[in-house]
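The values are calculated or read from the model by the stated rules, or taken from the named source; none is laboratory data. Predicted model, so just to flag it, every value in this text is computed and none were measured. For neighbour counting, all protein chains shown are included, and Cβ atoms are generated from backbone atoms with ideal geometry for every residue, glycine included. Just the protein is used for accessible areas: all its heavy atoms, side chains included, with ligands, DNA and RNA removed. Shrake-Rupley method; radii C 1.70, N 1.55, O 1.52, S 1.80 Å.
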Amino acid sequence: MITLLQLDYFRRLAVTEHITQTAKELYISQTALSSMIIGLEKELGVQLFDRSKRSIRLNQAGKLYLQYVNDVFAALDNGRSALQELTENAEKQVSIAMGTSQVWLPMVRDFRKHYPEYAIKQQNKTLEELIDALRSMKTDFVIASTDEIPDADLEHVFLKKDSVYLCVPKNHRLAGRESVYLKELENEAYIDLPAGTPWRVYCAHLFKQAGVNIRTVLECDYSLRAALIDSEFGVALTSASAYEVDMFKPNCYIPIADEFAYREMALFWNPKKYMSKAAHSFREFCASYWAAAAE
């Protein structure tokens, strides 16, 4: 008979593909871990890993089986969450992950006004971390572009179309323009975000699509870019959402004229994850909030 302990050991080894490391993380011997996995394979009648003297790799059968094993543990986690919500002391919290929080402040603030009984847990993550958080069900929701989350098993609701702006200091040569094309930024001194940041990934795609070579002179987080632009270190691209909350004051915002320069922002969730009352309320609020803003 297959046990949950065997399945747990299997999914952990499937991630690391390293007997020594996994055994150390589980506080068991390598022999015990190997015996547990071999016993599982015998029970199933198929090998889940390809083995050599120095390595172990999850094979095609193992990858297929891992999907079902993950569903088993997801179902158990959902059951625990559902039971917790039945108790009076259940934690009423919704967790949200995104590339940057500042641009979504008005929406989150209004949600809090409508639902003061719910707590909000928010995190900024890289694009890779956002995708992982959804697949592993570490968060209730992710706010990202529809082009950034490719997984067909995930669900989403459209929030808004977010256009692109160029942010420059007040005395910059382009400061008085009504709009600007990306091609006009050829070799412009550019202030970028850290690698992996969703906005940096998107802007790199934009520049490539426009055939533009940008000269990156600085990399910094969101909190420093406005001051560095104002100090004339360089320019940066930003979104309409950042413009709406004036995230880069006192600098100038110029709309990008290229027709492809926009993102369709959406709220994503994993349908396999149990959705609490707080999370359900947040999803419905976001959908109605942006529907009303579009009217």
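Worth pointing out:
- Residue 136 being among the small types (Gly, Ala, Ser) and touching a residue at least 12 places away in the same chain (Cβ under 8 Å): no
- One residue alone among 232, 284, 264 is open to solvent by 60 Å² or more (accessible area, probe 1.4 Å), in a helix (DSSP H, G or I) and not hydrophobic (A, V, I, L, M, F, W, C), and that residue is 284.
- In region 148-180, residue least open to solvent (accessible area, probe 1.4 Å) [restricted to those that are of a type in the set (Asp, Glu) and closer than 25 Å to residue 269 by Cα]: 162
- Taken together, the residues in region 26-37 that are loosely packed, with under 14 Cβ neighbours inside 10 Å, part of a helix (DSSP H, G or I) and of a type outside the set (S, T, N, Q) amount to 1.
- Residue satisfying all of: in region 126-141; within 22 Å of residue 80 (Cβ to Cβ) and of a type in the set (A, V, I, L, M, F, W, C); most open to solvent (accessible area, probe 1.4 Å) among these: 137
- Among (1) under 14 Å from residue 104 (Cα atoms); (2) under 18 Å from the mean Cα position of the chain (by Cα); (3) among the hydrophobic types (A, V, I, L, M, F, W, C); (4) at pLDDT below 95, the one test that residue 279 misses: (1)
- Which numbered condition residue 204 misses (of (1) touching a residue at least 40 places away in the same chain (Cβ under 8 Å); (2) assigned to a helix (DSSP H, G or I); (3) out of contact with any strand residue (DSSP E or B) (no Cβ under 6 Å at 6 or more places or on another chain)): (1)
- Screening 160, 113, 121 for residues that are of a type outside the set (Val, Ile, Thr), out of contact with any helix residue (DSSP H, G or I) (no Cβ under 8 Å at 6 or more places or on another chain) and assigned to a strand (DSSP E or B) leaves exactly one candidate, 121.
- Condition met for residue 73 (modelled with pLDDT under 90, open to solvent by less than 70 Å² (accessible area, probe 1.4 Å) and aromatic (Phe, Trp, Tyr)): yes
- The conditions of being touching a strand residue (DSSP E or B) at 6+ places or on another chain (Cβ under 7 Å), of a type in the set (Phe, Trp, Tyr), open to solvent by less than 20 Å² (accessible area, probe 1.4 Å) and assigned to a strand (DSSP E or B) are met by residue 190.
- Residues of region 79-110 satisfying the condition of being part of a helix (DSSP H, G or I) and at pLDDT below 85: 79, 80, 81, 82, 83, 84, 85, 86
- Test: residue 11 is touching a residue at least 60 places away in the same chain (Cβ under 8 Å), basic (Lys, Arg), more than 23 Å from residue 141 (Cα to Cα) and open to solvent by 50 Å² or more (accessible area, probe 1.4 Å): yes
- Residue in region 210-229 that is assigned to a helix (DSSP H, G or I), under 20 Å from residue 144 (Cα atoms) and touching a residue at least 40 places away in the same chain (Cβ under 8 Å) present: yes
- Taking region 93-125 as the range and being closer than 15 Å to residue 198 by Cα, in contact (Cβ under 8 Å) with a residue 60 or more places away in the chain and surrounded by fewer than 17 Cβ atoms within 10 Å (Cβ to Cβ) as the test, only 102 passes.
- Selection from region 237-261 of residues that are more than 19 Å from residue 102 (Cβ to Cβ) and in a strand (DSSP E or B): 254, 255, 256
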